[in-house]
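Asker: Got a structure here, written out as structure tokens. Questions coming.
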Amino acid sequence: MLIVFSIIFPLFTIITSFLAISTSVSSILHQDELNALKKIATTLGINGLDLSSGDPCYLASLKMIPEVAIVSNPELRNNTIVCDCSFNNNTTCRIINIHLKTLSLRGKLPPELAELQYLQTIDLCRNYLSGSIPMEWASLRNLTYISLCANRLSGPLPSGLQNFKNLRFLVEANQFSGPIRRDW
């Protein structure tokens with residue numbers, strides 16, 4: 001009995017210590033991206049996005065969307081900020097997807113999205129956004145999907161975005177001008 005205890009107790013201690021260390025090291029959003037997210041929220045007129053209460057990577061859904069609205073329109077449940085927390089030994093998160101659709105957002109498209117260099121998806125479909133697509137977005141080399149359908153956007157598409165070979169771009173129901181790739 002003493003032998004079993006002498007083997008199990010150290011093993012238990014090692015496992016407990018490992019669990020304590022691994023749970024104390026949590027992933028957080030990189031400070032540059034948190035600052036960019038605050039600017040993006042301001043540009044889009046999002047007042048209900050409370051970034052002081054925690055890490056936006058862990059919000060189940062954006063708190064700016066009232067529960068009543070979600071019940072009446074289940075599509076609103078898909079409005080999220082998605083992060084990849086595998087950076088720096090799983091201690092740093094980077095925003096990879098932003099879905100803010102059908103929220104009646106007004107204003108311009110935020111050039112600050114270009115500060116989120118790991119961003120893969122931008123979905124701002126069915127809002128009231130106006131103006132043109134910021135040239136800064138052409139620096140987002142990880143982008144694979146942009147949906148800006150059913151807004152009030154106009155002007156030419158940035159030529160830099162048209163060079164992205166794997167980009168799926170949904171722009172219908174706007175007033176864009178100039179050349180547009182056939183597959184968009």
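Asker: Kindly evaluate Leu129 against the criterion of being assigned to a loop (DSSP other than H, G, I, E, B) and either surrounded by fewer than 17 Cβ atoms within 10 Å (Cβ to Cβ) or at negative phi (or both).
Answerer: Values: assigned to a loop (DSSP other than H, G, I, E, B): no; either surrounded by fewer than 17 Cβ atoms within 10 Å (Cβ to Cβ) or at negative phi (or both): yes.
No.
Asker: In region 57-100, how many are modelled with pLDDT of 55 or more, assigned to a helix (DSSP H, G or I) and more than 15 Å from Asp123 (Cβ to Cβ)?
Answerer: 2
Asker: Pairs needed: first member in region 39-50, under 12 Å from Ser104 (Cβ atoms) and surrounded by fewer than 19 Cβ atoms within 10 Å (Cβ to Cβ); second member anywhere, modelled with pLDDT under 70 and not acidic (Asp, Glu); C-beta distance under 8 Å; at least 6 residues apart or different chains.
Answerer: Note: pairs meeting the criteria are Ile46/Met64.
Asker: Being in a strand (DSSP E or B) and surrounded by fewer than 19 Cβ atoms within 10 Å (Cβ to Cβ) is the filter here, so list the residues in region 104-126 that pass it. Break it down into steps so the answer makes sense when it comes.
Answerer: Going residue by residue through region 104-126, those that are in a strand (DSSP E or B) are 106-108, 121-123.
Within region 104-126, Arg106, Gly107, Lys108, Thr121 qualify.
Asker: Look at Thr91 and say whether it is under 27 Å from Gln31 (Cβ atoms), more than 15 Å from the chain's Cα centre (by Cα) and of a type in the set (Val, Ile, Thr). Quick ask: steps written out before the conclusion?
Answerer: Numbers: under 27 Å from Gln31 (Cβ atoms): yes; more than 15 Å from the chain's Cα centre (by Cα): yes; of a type in the set (Val, Ile, Thr): yes.
Answer is yes for this residue.
Asker: Right, something else. Which residue is surrounded by the most Cβ atoms within 10 Å (Cβ to Cβ), if the candidates are limited to region 142-178 and must be part of a strand (DSSP E or B) and of a type in the set (Ser, Thr, Tyr)?
Answerer: Going residue by residue through region 142-178, those that are part of a strand (DSSP E or B) are 145-147, 152-156, 168-170, 175-177.
In the following step, the residues that additionally are of a type in the set (Ser, Thr, Tyr) were identified as 145, 147, 154, 177.
Numbers: Tyr145: 14, Ser147: 19, Ser154: 13, Ser177: 11.
The extreme case among them is Ser147.
The values are calculated or read from the model by the stated rules, or taken from the named source; none is laboratory data. The structure presented is a predicted model; accordingly, all values stated were derived computationally and were not measured. Here Cβ is always computed from backbone atoms with ideal geometry, including for glycine, and neighbour counts include all displayed protein chains.
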